[in-house]
Amino acid sequence: MTELNRNTNETKIQLAFSIDGEGQANIQTGVPFMDHMLDLFTKHGQFDLTVKADGDVEIDDHHTTEDIGICLGLALKEALGDKKGIKRYGNAFVPMDETLAQVVVDLSNRPHFEMRGEFPAQKVGTFDTELVHEFLWKLALEARMNLHVIIHYGSNTHHMIEAVFKALARALDEATFIDPRVKGVPSTKGML
């Protein structure tokens, strides 16, 4: 279990994360839509995740969402350790009613983020949908991974975002899986 705290003038975040979990979530971010997304992320990745966030949500959800992405990325990087034996790559397609989303990851130690797809609505409830990009970019940056998100199609913004978070969880679960055939790290460089 990796634990960390992040305290700024805008947010205070306590986070605990385990890659090899049971899908147990205890999420209290102050941003209800993020609570929902992180809960299903945890369940579909078979991770364990605890997040307690106190942010300036009276302004908007930006700082809290961004800082959770930073913390989760840092926790993922730390939890991976030396990356010996992992599969490294993960790919998942997830349908959600009329939506199909795909997430592909490479735990390469080279941060990069690409997202293809547009959300038809600017908000889901009170949540600004542009924050999905912010969260994912910070997650990829701090975890030092390649993260590619493709929303092939969809019309319901909630379904589209939910499919992305579920696909992210499943792609990470695949990439972090220990493959007994892998000796050392899965790279010709000898390191990740």
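Could the peptides 111-118, 33-40 be put in order, highest first, of the mean number of other beta-carbon atoms found within 10 Å of their residues?
Highest mean packing first, the order is 33-40, 111-118.
Could you order the peptides 4-17, 94-107, 52-65 from most to least packed, using the average number of other C-beta atoms within 10 Å per residue?
Highest mean packing first, the order is 94-107, 52-65, 4-17.
Restricting to Cα pairs below 8 Å that are 6+ residues apart, what does the relative contact order work out to for the chain? Please round to a whole percent.
Computed value for the chain: 26 percent relative contact order.
Report, in deg cm²/dmol and to the nearest 500, the calculated mean residue ellipticity at 222 nm for the chain, where each DSSP H run with n ≥ 4 adds -39500 (n - 2.57) and the sum is divided by the residue count.
-11500 deg cm²/dmol
For every other residue with a beta carbon closer than 15 angstrom to the beta carbon of Gln46, add +1 if it is Lys or Arg and -1 if Asp or Glu, then tell me the sum.
Computed value for this residue: -2.
For the range 58-91 and the range 130-192, what is the separation of their Cα centres, given in Å?
With the range 58-91 and the range 130-192 each reduced to a Cα centre, they are spaced 10 Å.
Give me the one-decimal nm value for the distance between modelled label points at Asp20 and Arg181, 7 Å along each residue's Cα-to-Cβ direction.
So the label points at Asp20 and Arg181 sit 2.1 nm apart.
For the ranges 80-90, 66-76, 163-173, what's the packing order if you count other beta-carbon atoms within 10 Å of each residue, average per peptide, and put the highest first?
Ranking the peptides 80-90, 66-76, 163-173 by packing returns 163-173, 66-76, 80-90.
A short reminder: the numbers here are calculations on the coordinates, not readings from a lab. Since this is a predicted model, take the numbers as computed values, not measurements. FYI the Cβ positions are ideal-geometry reconstructions off the backbone, even for glycines, and counts take in every protein chain you see.
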